[in-house]
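Let me begin by presenting the structure, written as structure tokens, before commenting on it.
The values are calculated or read from the model by the stated rules, or taken from the named source; none is laboratory data. This is a predicted model, so every value here is computed, not measured. When we count neighbours, we look across all protein chains shown, and the Cβ atoms used for this are built from the backbone with ideal geometry, even at glycine.
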Amino acid sequence: MARFKITLEYDGTKFYGWQYQRNHPTIMGKIMEACQQVFNTDDFELYGSGRTDSGVHALAQVAHLDVRTTLQPHIIRIKLNDELPAAINILNVETAPNRFHARYDAVARSYVYHISTRRTAFGKNNCWWIKDKLNVVAMADAAMAMEGFKDFQSFGSAEDEESSTKVEIEWVRVYELDHSIIVHIVGSHFLWKMVRRMIGVLVEIGRGNISPKEVESLFIKKSDLPAKLTAPPAGLYLDRVYYQGEELSPDPKWIINIFRHL
């Protein structure tokens, strides 16, 4: 079998997340259906770099595909896109070493969260519209307390507690642009709903309901507060998956431009 690295984008609004589910439409499920049509076989394997939840989007998700084919990578991309719904788009297909694994070889993942501070026609499915005035400076200060190697058990779930809940967060940056607030988070990996709970805490700090100093206590003693403040999935985007040798970037200029006028 040949192994291919696939990079794709998707609007997760109408899907039950990435992971295949027998009775619900998922991103992985739709790609598997497309592979069946393109390669005329069920003899293939598809692995994603990680799961995204229902309603969460991706700007550059990564997967690897094992399949027997003589098709060239650019032809595979075209043929898969012909079979996929408009909400899923294959950006690139390239040959990969057999040892490459989309999930286990990933060294970091980058997420962005889009908050709109005005009513917008794109709000329901693509961002979190917040009517309250947010103190972006306070949010940015609190974000720095989330950086580093910390125990994020307060931001995870009961399932996460079966394994390590310690995560290395490279940085959390908060940008204010016109009517948008963009939060950019890069970390080694993420617990289930962890990013959305980090966003929820930052928003409450922006509203003035939580002191920035309270954030530090969430890493010392387990708290159910972040779970109660979980941000909606619509504003969350998997921005990029990093692999060995790729430089981590704290300045997502192209992402900021996407959301600048929404």
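At least 2 residues being closer than 22 Å to Ala234 by Cα and either under 20 Å from the mean Cα position of the chain (by Cα) or not charged (D, E, K, R) (or both) is the threshold, and among the strands (runs of 3 or more DSSP E) wholly inside segment 138-190 those reaching it are 166-177, 180-187. Figure legend. Inter-residue proximity from segment 169-198: first residues outside the structural domain of Thr120 (by TED's automatic domain parsing), second residues at pLDDT 95 or above and crowded, with 17+ Cβ neighbours inside 10 Å, beta-carbon distance below 6 Å, spacing 6+ or different chains. No pairs are indicated. You will find that of Lys193, Lys228, the residue that is closer than 28 Å to Leu91 by Cα, touching a helix residue (DSSP H, G or I) at 6+ places or on another chain (Cβ under 9 Å) and at pLDDT 90 or above is Lys193 and no other.
Here is a yes/no grid of residues against (1) in contact with a Phe, Trp or Tyr (Cβ under 7 Å, 6 or more places away or on another chain); (2) on the phi < 0 side of the Ramachandran plot:
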position	(1), (2)
Ser163	no, yes
Val167	yes, yes
Glu170	no, yes
Tyr175	no, yes
Ile185	yes, yes
Phe190	no, yes
Lys193	no, no
Ile199	yes, yes
Leu202	no, yes
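Is it the case that segment 242-260 has a residue that's modelled with pLDDT of 90 or more, outside any strand (DSSP E or B) and in the same structural domain as Gly123 (by TED's automatic domain parsing)? Among the residues of segment 242-260, at least one is modelled with pLDDT of 90 or more, outside any strand (DSSP E or B) and in the same structural domain as Gly123 (by TED's automatic domain parsing), which makes the answer yes.
Taking segment 176-195 as the range and being in contact with a His (Cβ under 7 Å, 6 or more places away or on another chain) and closer than 18 Å to Ser249 by Cβ as the test, only Ile182 passes.
Within segment 200-239, restricting attention to residues that are more than 15 Å from Val172 (Cα to Cα) and within 16 Å of the chain's Cα centre (by Cα), the residue that is surrounded by the most Cβ atoms within 10 Å (Cβ to Cβ) is Gly235.
Annotation: Asn126 fulfils all but one of (1) within 19 Å of Val241 (Cα to Cα); (2) within 15 Å of the chain's Cα centre (by Cα); the unmet one is (1). Looking across Val67, Val56, one residue alone is farther than 30 Å from Glu147 by Cα, surrounded by 14 or more Cβ atoms within 10 Å (Cβ to Cβ), at pLDDT 95 or above and not assigned by TED's automatic domain parsing to the domain that holds Val203. It is Val67. Residues in segment 199-225 that are in contact with a Leu (Cβ under 6 Å, 6 or more places away or on another chain) and without any contact (Cβ under 8 Å) to a residue 40 or more places away in the chain: Gly200, Glu204.
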